[in-house]
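The values are calculated or read from the model by the stated rules, or taken from the named source; none is laboratory data. Because the structure is a prediction, the values reported are computed rather than measured. Note that each Cβ is placed from the backbone with ideal geometry, even for glycine, and that neighbours are counted across all protein chains shown. Heavy atoms of the whole protein, side chains included, go into the accessibility calculation; ligands, DNA and RNA do not. Shrake-Rupley method; radii C 1.70, N 1.55, O 1.52, S 1.80 Å.
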Amino acid sequence: MEDEAFARSEVPMTKEEVRSITISKLHLRRDSVIYDIGAGTGSVSVEMARQSFRGKVYAIEKKPEAVDLLRQNKIAFAVDNMEIVEGLAPEAMDRLNAPTHAFIGGSSGNLQAIIALLLEKNPKVRIVLNAIALETLVESMEVLKKFKLTDVDIACVNVSKAKKLGSYNLMMGQNPVYVISCQGE
(Lines give C-alpha, C1' and ligand atoms only; values in the text may rest on other atoms or scores of the structure.)
Protein backbone atom coordinates (compact mmCIF):
# COMPACT_ATOMS: atom_id res chain seq x y z
CA MET A 1 0.00 0.00 0.00
CA GLU A 2 1.22 3.50 -0.73
CA ASP A 3 2.40 5.64 2.18
CA GLU A 4 -0.04 8.39 1.21
CA ALA A 5 -3.00 6.09 1.91
CA PHE A 6 -2.38 6.26 5.67
CA ALA A 7 -3.37 8.98 8.11
CA ARG A 8 -0.13 10.27 9.57
CA SER A 9 1.56 13.14 11.35
CA GLU A 10 4.99 13.45 12.94
CA VAL A 11 4.60 9.90 14.29
CA PRO A 12 7.22 7.63 12.65
CA MET A 13 5.94 5.30 9.94
CA THR A 14 7.61 2.30 8.31
CA LYS A 15 7.87 3.39 4.69
CA GLU A 16 6.30 1.44 1.84
CA GLU A 17 9.39 -0.34 0.48
CA VAL A 18 10.73 -1.28 3.93
CA ARG A 19 7.22 -2.34 4.98
CA SER A 20 7.03 -4.75 2.02
CA ILE A 21 10.34 -6.40 2.91
CA THR A 22 9.51 -6.49 6.62
CA ILE A 23 6.17 -8.21 6.07
CA SER A 24 7.64 -10.70 3.59
CA LYS A 25 10.26 -11.73 6.19
CA LEU A 26 7.48 -12.53 8.70
CA HIS A 27 6.13 -15.43 6.59
CA LEU A 28 2.56 -14.69 7.65
CA ARG A 29 -0.38 -17.07 7.25
CA ARG A 30 -4.06 -16.22 6.91
CA ASP A 31 -4.64 -17.17 10.57
CA SER A 32 -1.51 -15.67 12.18
CA VAL A 33 -1.65 -14.03 15.61
CA ILE A 34 0.69 -11.07 15.35
CA TYR A 35 2.08 -8.47 17.73
CA ASP A 36 3.11 -5.13 16.20
CA ILE A 37 5.22 -3.65 18.98
CA GLY A 38 5.71 0.09 18.64
CA ALA A 39 2.95 0.23 16.02
CA GLY A 40 3.22 3.98 15.30
CA THR A 41 0.75 4.96 12.58
CA GLY A 42 -0.28 1.35 12.05
CA SER A 43 0.91 1.02 8.46
CA VAL A 44 2.49 -2.36 9.21
CA SER A 45 -0.45 -3.41 11.43
CA VAL A 46 -2.99 -2.66 8.70
CA GLU A 47 -1.09 -4.55 6.02
CA MET A 48 -0.55 -7.54 8.32
CA ALA A 49 -4.24 -7.55 9.29
CA ARG A 50 -5.21 -7.62 5.61
CA GLN A 51 -2.86 -10.54 4.93
CA SER A 52 -3.85 -12.48 8.05
CA PHE A 53 -7.56 -11.81 7.65
CA ARG A 54 -8.52 -14.92 9.66
CA GLY A 55 -6.01 -14.09 12.38
CA LYS A 56 -5.45 -11.26 14.82
CA VAL A 57 -3.09 -8.27 14.96
CA TYR A 58 -2.35 -6.60 18.27
CA ALA A 59 -1.07 -3.07 17.55
CA ILE A 60 0.83 -2.15 20.72
CA GLU A 61 1.64 1.54 21.15
CA LYS A 62 2.49 3.80 24.10
CA LYS A 63 2.19 7.28 22.54
CA PRO A 64 -1.32 8.84 22.66
CA GLU A 65 -0.91 10.69 19.34
CA ALA A 66 0.10 7.43 17.64
CA VAL A 67 -2.88 5.60 19.20
CA ASP A 68 -5.17 8.21 17.61
CA LEU A 69 -3.61 7.53 14.20
CA LEU A 70 -3.95 3.78 14.76
CA ARG A 71 -7.68 4.26 15.36
CA GLN A 72 -8.06 6.40 12.23
CA ASN A 73 -6.20 3.87 10.05
CA LYS A 74 -8.06 0.91 11.53
CA ILE A 75 -11.37 2.53 10.58
CA ALA A 76 -10.17 3.75 7.17
CA PHE A 77 -9.03 0.27 6.14
CA ALA A 78 -11.83 -1.63 7.93
CA VAL A 79 -9.47 -4.08 9.61
CA ASP A 80 -11.67 -5.50 12.35
CA ASN A 81 -9.07 -8.15 13.21
CA MET A 82 -6.69 -5.41 14.42
CA GLU A 83 -6.88 -4.64 18.14
CA ILE A 84 -5.19 -1.51 19.47
CA VAL A 85 -3.38 -2.07 22.76
CA GLU A 86 -2.37 1.11 24.56
CA GLY A 87 0.72 0.77 26.70
CA LEU A 88 4.41 0.01 26.91
CA ALA A 89 5.80 -3.36 25.91
CA PRO A 90 6.43 -5.83 27.39
CA GLU A 91 3.86 -5.05 30.12
CA ALA A 92 1.13 -4.33 27.56
CA MET A 93 1.65 -7.82 26.08
CA ASP A 94 0.90 -9.74 29.29
CA ARG A 95 -2.82 -10.40 28.75
CA LEU A 96 -2.66 -11.01 24.98
CA ASN A 97 -3.02 -14.38 23.25
CA ALA A 98 0.25 -16.10 22.37
CA PRO A 99 1.71 -14.77 19.11
CA THR A 100 2.72 -16.83 16.12
CA HIS A 101 4.56 -13.78 14.74
CA ALA A 102 5.88 -10.49 16.07
CA PHE A 103 7.14 -7.30 14.46
CA ILE A 104 9.18 -4.95 16.61
CA GLY A 105 9.27 -1.46 15.14
CA GLY A 106 10.13 0.19 18.44
CA SER A 107 11.12 -1.24 21.80
CA SER A 108 11.73 1.87 23.96
CA GLY A 109 14.90 0.21 25.28
CA ASN A 110 13.04 -2.95 26.37
CA LEU A 111 14.13 -5.26 23.55
CA GLN A 112 15.52 -8.02 25.78
CA ALA A 113 12.41 -8.13 27.97
CA ILE A 114 10.13 -8.05 24.91
CA ILE A 115 11.95 -10.98 23.24
CA ALA A 116 11.94 -12.91 26.53
CA LEU A 117 8.16 -12.56 26.88
CA LEU A 118 7.54 -13.42 23.21
CA LEU A 119 9.55 -16.63 23.63
CA GLU A 120 7.82 -17.43 26.92
CA LYS A 121 4.41 -17.11 25.23
CA ASN A 122 5.52 -19.08 22.16
CA PRO A 123 9.01 -20.64 22.00
CA LYS A 124 8.66 -20.97 18.19
CA VAL A 125 7.51 -17.39 17.49
CA ARG A 126 8.70 -15.78 14.23
CA ILE A 127 10.19 -12.34 14.93
CA VAL A 128 11.15 -9.46 12.65
CA LEU A 129 12.60 -6.27 14.02
CA ASN A 130 13.68 -3.10 12.27
CA ALA A 131 16.61 -1.03 13.45
CA ILE A 132 17.56 2.42 12.23
CA ALA A 133 20.03 3.42 14.97
CA LEU A 134 23.33 1.55 15.17
CA GLU A 135 22.80 1.18 18.91
CA THR A 136 19.59 -0.72 18.24
CA LEU A 137 21.43 -2.95 15.77
CA VAL A 138 24.11 -3.73 18.36
CA GLU A 139 21.47 -4.41 21.04
CA SER A 140 19.62 -6.67 18.59
CA MET A 141 22.76 -8.71 17.88
CA GLU A 142 23.35 -9.19 21.62
CA VAL A 143 19.76 -10.32 22.16
CA LEU A 144 19.93 -12.75 19.22
CA LYS A 145 22.99 -14.40 20.77
CA LYS A 146 21.55 -14.46 24.28
CA PHE A 147 18.32 -16.23 23.29
CA LYS A 148 19.93 -18.49 20.68
CA LEU A 149 17.37 -17.56 18.04
CA THR A 150 17.56 -19.48 14.76
CA ASP A 151 17.01 -18.76 11.07
CA VAL A 152 18.65 -15.34 11.56
CA ASP A 153 18.65 -13.11 8.49
CA ILE A 154 19.83 -9.50 8.45
CA ALA A 155 19.23 -7.21 5.50
CA CYS A 156 20.19 -3.55 5.24
CA VAL A 157 17.58 -1.78 3.13
CA ASN A 158 18.59 1.46 1.45
CA VAL A 159 15.84 3.27 -0.46
CA SER A 160 16.08 6.41 -2.54
CA LYS A 161 13.07 8.06 -4.13
CA ALA A 162 13.02 10.54 -7.00
CA LYS A 163 12.05 14.09 -6.14
CA LYS A 164 11.29 16.65 -8.83
CA LEU A 165 13.45 19.79 -8.68
CA GLY A 166 12.69 22.02 -11.64
CA SER A 167 13.15 19.91 -14.76
CA TYR A 168 15.35 17.39 -12.91
CA ASN A 169 14.62 14.30 -10.87
CA LEU A 170 16.96 13.97 -7.92
CA MET A 171 17.26 10.82 -5.86
CA MET A 172 16.64 11.55 -2.18
CA GLY A 173 17.85 8.89 0.24
CA GLN A 174 15.78 7.65 3.17
CA ASN A 175 17.35 6.32 6.37
CA PRO A 176 18.88 2.87 5.88
CA VAL A 177 16.96 0.26 7.87
CA TYR A 178 18.25 -3.06 9.17
CA VAL A 179 15.54 -5.70 8.85
CA ILE A 180 16.38 -8.58 11.19
CA SER A 181 14.33 -11.75 11.07
CA CYS A 182 14.65 -14.82 13.28
CA GLN A 183 12.80 -17.76 14.74
CA GLY A 184 12.44 -19.22 18.20
CA GLU A 185 13.69 -22.80 18.52
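Observations
- Subset of region 106-164 (residues that are over 28 Å from Gly87 (Cα atoms), in a strand (DSSP E or B) and aliphatic (A, V, I, L, M)): Val152, Ile154, Ala155, Val157, Ala162
- Checked against (1) crowded, with 18+ Cβ neighbours inside 10 Å; (2) assigned to a loop (DSSP other than H, G, I, E, B); (3) within 15 Å of the chain's Cα centre (by Cα), Val79 meets all criteria but (3).
- Members of region 112-142 that are under 21 Å from Asn175 (Cα atoms) and open to solvent by less than 50 Å² (accessible area, probe 1.4 Å): Val128, Leu129, Asn130, Ala131, Ala133, Thr136, Leu137, Ser140
- Which numbered condition Gly42 fails, given (1) open to solvent by less than 10 Å² (accessible area, probe 1.4 Å); (2) under 23 Å from Arg95 (Cα atoms); (3) under 16 Å from the mean Cα position of the chain (by Cα); (4) free of Cβ contacts under 8 Å to residues at least 40 places away in the same chain: (4)
- Restricting region 82-101 to residues that are of a type in the set (D, E, K, R) and in a strand (DSSP E or B), the residue that is surrounded by the most Cβ atoms within 10 Å (Cβ to Cβ) is Glu83.
- Qualifying position, being buried (at least 16 other Cβ atoms within 10 Å of the Cβ), within 23 Å of Phe147 (Cβ to Cβ) and in contact (Cβ under 8 Å) with a residue 60 or more places away in the chain, among Tyr58, Tyr35: Tyr35
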